[in-house]
1. Of everything in segment 164-180 that's more than 28 Å from the chain's Cα centre (by Cα) and within 19 Å of Ala67 (Cα to Cα), which residue is modelled with the lowest pLDDT?
2. Filter segment 179-194 down to the residues that are farther than 14 Å from Gln50 by Cβ and in contact (Cβ under 8 Å) with a residue 24 or more places away in the chain and list them by number.
3. Answer yes or no: is there a residue in segment 143-165 that is touching a residue at least 24 places away in the same chain (Cβ under 8 Å) and at positive phi.
4. What tally of residues in segment 45-72 results from selecting those that are of a type outside the set (Phe, Trp, Tyr), crowded, with 16+ Cβ neighbours inside 10 Å and under 30 Å from His167 (Cβ atoms)?
Amino acid sequence: MINVESDGQPASSPDDRENARGADDGLADAFDVAPAAVKRKLHERKGVRQFVKFCIVGGSSFFVNFAIFNILYHGKLHLSLVPALSIGFFVSVFNGFFWNRNWTFKEARATSVGDQYTKFLLVNIVGWFLNTGITVSLIAGFMVFVQHDHVDFWRIFWDIIGGNKKHYPILITNGALLGATGFVVFWNFFANRKWTFKH
């Protein structure tokens, strides 16, 4: 005999109810697993998006840096190489901080701007040492390569660091700065993502 519930539908047996609960539990388990995988995928894509944004911001900072460096070093002011590099670098840092805080890593804006800027500045001080050291090394290395054994690498390196007024060709200085920037951008991205703008 089939039991009938008040709405006219056949009443479910205990076995049916148990099977239904098992199916619900299986679906619940599936939903427990799915969000973790989805979140992981979204996190991976978010990291890629952040890197693309960081490169766009870095591109704008790159042009700021190059423009200021060339005006100060190759323009009428004729500053020595390291001060020109330093001024261009730190002006580009301000540009990078503004856009990275408000666009690339905007989720981290809840953190104090003072704390973030302090961390950002520390990261970029390391970046400045890398940028300056690599740029000067590439210029010194190129001059040794061009002049063969007539000059010493370390003499040129420390002469530049010491502020000599020798003017190096624009293609050499800009090529060296480009090479240094290509290296430093990876340091800046990972340090800022993992520390400065971590949320």
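1. His167
2. Within segment 179-194, the subset farther than 14 Å from Gln50 by Cβ is 179-184, 187.
Once the filter is applied, which keeps residues that are farther than 14 Å from Gln50 by Cβ and in contact (Cβ under 8 Å) with a residue 24 or more places away in the chain, segment 179-194 yields Gly179, Ala180, Thr181, Phe183, Val184, Trp187.
3. Checked against the condition, which is being touching a residue at least 24 places away in the same chain (Cβ under 8 Å) and at positive phi, segment 143-165 yields at least one hit.
4. 7
The values are calculated or read from the model by the stated rules, or taken from the named source; none is laboratory data. Computed from a prediction, not measured in an experiment: that's the story for all the values here. Cβ: placed from backbone, ideal geometry, glycine included. Neighbour counts: every protein chain shown.
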